[in-house]
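The values are calculated or read from the model by the stated rules, or taken from the named source; none is laboratory data. Every value quoted in this text rests on a predicted model; they were computed, and no experiment measured them. Here the Cβ is made from the backbone with ideal geometry for all residues, glycine too, and neighbour counts use every protein chain on show.
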Amino acid sequence: MPPTVEVSPEQDADFTALVQPHLGELRLHCYRILGSSTDAEDALQDVLVAAWRGLPLFEGRSSVRTWLYTIATRTCLNLLRAGRRRPAAPVPPFDVPEPTRRGEITWLQPCPTDWLDADPTSRQDARDDVSLAFVTALQHLPPRQLAGVVLCDVLDFSPDEVADILGATPLAVKGLLQRGRARLASRTPVTVAPSPDLVDRFADAFVARDIPRVVALLAEHATWSMPPAPHEYEGLADISAFLSASWTWHGNSELSLEPTSANGQPAFGCYLGGAWGGLLVVTLAGDRVGAVTRFLDDDLWRPFGLPAFIECL
């Protein structure tokens, strides 16, 4: 469902009609920049407040869409400058193997695939622009590079329009784009069309806690991460060691998966003994699983329309 206008009781129908068609794409824009669906929802409400207050000054020199994107981009950049909410890194309740590395992007959250469906500008062939790999790569860019790349390469604004939105010169925007694109290219993996039944085979192996079967479905340099915990495991040996420690600690608690979709990718609500245990997002690379991201947020079941508890069989 598209987001609704929730600014103040005084809003009239004209303002709602003006901004409602753009809300889906604006929410995705905030998500790409902030990397967090929770922060994106909050930012969108700030955008609506600013748009409502600024409406008397809007003279129609640009399109409504450009005006709203200017407000949204500057709102997100201000949030980044002010210091984004950083969740405390949780301490694993069991002894985990030394991770391959400790990730920097611990605030990352998935977004429901419904968000893409609520954006009338979203095309099937453009959904890579909200994939977890792409959104994660964006978070490594400095804020103005990030905003410039998203505005120009994802949303097709011209460099001159981007300069106006960012309050910069066209020459400065050219430099931002060159540096941002170079950094992004080094971090965004290339994927190919997935095997149709790979997700089902992975889910079956995961629920069975069959580590050899799970590992057999992974790409050689697959990654396993758990935001907001910084622990990241790469490669079959490190992932196998982590799964062994994790599933040993969980003991005989029944493990269940409820299918859903996040960022246009296969995903599962994960349940231990019937209780919510996080969201599992699977990134596919041909006939192998290229990455598994298990989000440990206690409340993620809500935006995905999943239950907090399920009945164990």
Legend entry - Residues being under 15 Å from the mean Cα position of the chain (by Cα) and of a type in the set (Ser, Thr, Tyr) - total across region 28-81: 4
Inset, instruction - Just give me the residues in region 281-313 being in contact with a Gly (Cβ under 8 Å, 6 or more places away or on another chain) and not in a loop (DSSP other than H, G, I, E, B), in sequence order. - result: 283, 284, 294, 295, 309
Legend entry - Tabulated pairs, region 284-302, first free of Cβ contacts under 8 Å to residues at least 24 places away in the same chain, second not small (Gly, Ala, Ser), C-beta under 8 angstrom, 6+ apart or interchain: 298/276
Legend entry - Filtered residues of region 166-222 (kept if within 29 Å of residue 254 (Cβ to Cβ), assigned to a helix (DSSP H, G or I) and touching a residue at least 40 places away in the same chain (Cβ under 8 Å)): 198, 199, 202, 203, 206, 207
Inset, instruction - Say whether the condition of being closer than 16 Å to residue 111 by Cβ, of a type in the set (Gly, Ala, Ser) and touching a helix residue (DSSP H, G or I) at 6+ places or on another chain (Cβ under 9 Å) is met by at least one residue in region 267-281. - result: no
Inset, instruction - Could you list, in sequence order, all residues of region 245-255 that are touching a strand residue (DSSP E or B) at 6+ places or on another chain (Cβ under 7 Å) and either at pLDDT 95 or above or not in a strand (DSSP E or B) (or both)? - result: 250, 253
Inset, instruction - Give region 145-165 a look and list any residue that's free of Cβ contacts under 8 Å to residues at least 24 places away in the same chain and touching a Lys or Arg at 6+ places or on another chain (Cβ under 7 Å), or say none. - result: 159
Inset, instruction - Only residues that are surrounded by fewer than 18 Cβ atoms within 10 Å (Cβ to Cβ) and either touching a helix residue (DSSP H, G or I) at 6+ places or on another chain (Cβ under 7 Å) or without any contact (Cβ under 8 Å) to a residue 12 or more places away in the chain (or both): list them for region 63-76, please. - result: 63, 64, 65, 66
